[in-house]
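This report refers to the structure that appears directly beneath it.
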Amino acid sequence: MNIKNKCLVIGGCGFLGSYVVESLVRFGCFVRVFDRINVDDKNIASFKGNLEMFYGDVSNQLDIERAMIGIDYVFHFAGGANPKSSADDPIFDIESNVIGSLKILESACKNKCRKVVYASSGGTVYGIPEKLPINEEHPTQPISAYGVSKLFVENYFKLYQYMYNLDYIILRIANPYGPRQNINNSQGAIAHFLNSIKNGHQIEIWGDGSVVRDYLYVEDLITLFPKLLSNDVKNEIYNIGHGNGFSLNDVLHAISEVLDITPKVVYSESRKLDIPVNYLCVEKARRELKWCSTTDLVPGISRMWQRMNA
């Protein structure tokens, strides 16, 4: 048991957060999960007996501070927004995600935590790319409220390190997909497409399907988080993705190959918040963390579809 690593995962019952929890439990860490009261914990049900649960509100400073008592490493994977919801209500996005993140930073300082790992967005903070693939030195000019809020929080992490010596790691994560993803909301193209097919609905696409993204199969993340503990990395930003770009039409073609069907697709007017092309250079993570995503699009979609229908 690697009990010297006492970890708190904020948002640990969510899609990404549950993989952080699973990874750390496998690594032998003491793991405490902080999530909302009455949260659905099915994502962590199979390993819930190996961790400690703490329920509260991320906007409540006292709840966060209590959850951090005795904690060395904080993994901030909470977030109640996506690019569309942030655009629809940017004030709520700031209130729930930006201010909540600042309370997490304040609490981490007060409890003298060693390091905070933050899940940022590799798909939105850079904006329209000047070059491809996008590395960590690329200018950050987000064109969506979601990207603006993520970058805003990133800058506060840097400020707190400068002012209070609170170490951090920022993960700019590509578009994740895979088992445990909530297929019933509007987040995640692959999840949305597969859910539409499963329920006999047509697939709706904003634009002509040429938008290119970097799709990260989520189970590849399980090997990442122990590396952030075993390697003494700090105050760094890492792109975390597959490192290749696929258009929405490419995704449809891959789904057709996996399911052996031709989905019915309806194209509509494009949205201004959609960056035309985005895929990440992941060489820094490969070089410094010895980590890379190994699951290609077709096998990833196949595994996700199998789990959806298990």
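The values are calculated or read from the model by the stated rules, or taken from the named source; none is laboratory data. Since the structure is predicted, the reported quantities are computational estimates derived from the model, not experimental observations. We place every Cβ from the backbone using ideal geometry, glycine too, and count neighbours over all the protein chains shown.
On the basis of being of a type in the set (Asp, Glu), within 17 Å of LEU297 (Cα to Cα) and crowded, with 16+ Cβ neighbours inside 10 Å, does ASP250 make the cut? Yes; evaluated as a whole, the condition is true for this residue.
One residue alone among PRO263, PRO276 is touching a residue at least 60 places away in the same chain (Cβ under 8 Å), touching a Pro at 6+ places or on another chain (Cβ under 9 Å) and more than 18 Å from LEU171 (Cβ to Cβ), and that residue is PRO276.
Counting only residues that are aliphatic (A, V, I, L, M) and surrounded by fewer than 24 Cβ atoms within 10 Å (Cβ to Cβ), segment 17-39 holds 3 of them. Taking segment 101-131 as the range and being surrounded by fewer than 23 Cβ atoms within 10 Å (Cβ to Cβ) and more than 25 Å from ASN231 (Cβ to Cβ) as the test, the residues that pass are LEU102, LYS103, GLU106, LYS110, GLY127, ILE128, PRO129, GLU130, LYS131. Filtering segment 14-40 to residues that are under 25 Å from SER96 (Cβ atoms) and either outside any helix (DSSP H, G or I) or touching a Ser or Thr at 6+ places or on another chain (Cβ under 8 Å) (or both) leaves GLY14, VAL31, ARG32, VAL33, PHE34, ASP35, ARG36, ILE37, ASN38, VAL39, ASP40. The one condition from (1) part of a strand (DSSP E or B); (2) more than 28 Å from THR294 (Cβ to Cβ); (3) not acidic (Asp, Glu) that TYR168 does not meet is (2).
The residue pairs whose first member lies in segment 202-221 and is touching a residue at least 24 places away in the same chain (Cβ under 8 Å) and at negative phi, whose second member is in a loop (DSSP other than H, G, I, E, B) and charged (D, E, K, R), and whose beta carbons are closer than 6 Å, counting only pairs six or more residues apart or on different chains, are GLN202/LYS264; TRP206/ARG271; VAL211/ASP274.
Return a yes/no flag: does segment 172-185 have any residue that is more than 29 Å from GLU236 (Cβ to Cβ) and within 15 Å of the chain's Cα centre (by Cα).
Applying the first criterion (more than 29 Å from GLU236 (Cβ to Cβ)) to segment 172-185 yields 182-185.
Now drop any that are not within 15 Å of the chain's Cα centre (by Cα), which leaves 182.
Scanning segment 172-185 turns up at least one residue that is more than 29 Å from GLU236 (Cβ to Cβ) and within 15 Å of the chain's Cα centre (by Cα).
Among the candidates GLY11, GLY49, the residue that is within 23 Å of PRO179 (Cα to Cα), among the small types (Gly, Ala, Ser) and touching a residue at least 40 places away in the same chain (Cβ under 8 Å) is uniquely GLY11. When each of GLY178, GLY207, GLY147 is tested for being closer than 20 Å to PRO276 by Cβ and surrounded by 18 or more Cβ atoms within 10 Å (Cβ to Cβ), the lone residue that passes is GLY147.
Mind checking which residues of segment 159-183 are free of Cβ contacts under 8 Å to residues at least 40 places away in the same chain and either within 21 Å of GLY147 (Cβ to Cβ) or touching an Asp or Glu at 6+ places or on another chain (Cβ under 8 Å) (or both)? Scanning segment 159-183 gives a single hit, LEU159. Count of segment 30-70 residues, restricted to those that are out of contact with any helix residue (DSSP H, G or I) (no Cβ under 7 Å at 6 or more places or on another chain) and not hydroxyl-bearing (Ser, Thr, Tyr), is 20. Could you please let me know if VAL9 is modelled with pLDDT of 95 or more, in contact with a His (Cβ under 9 Å, 6 or more places away or on another chain), assigned to a strand (DSSP E or B) and of a type outside the set (Ser, Thr, Tyr)? For VAL9, the condition - modelled with pLDDT of 95 or more, in contact with a His (Cβ under 9 Å, 6 or more places away or on another chain), assigned to a strand (DSSP E or B) and of a type outside the set (Ser, Thr, Tyr) - is met.
Counting only helices (runs of 4 or more DSSP H) that sit wholly inside segment 197-310, those with at least 1 residues that are hydroxyl-bearing (Ser, Thr, Tyr) and farther than 30 Å from ASP72 by Cα are 248-259, 297-308.
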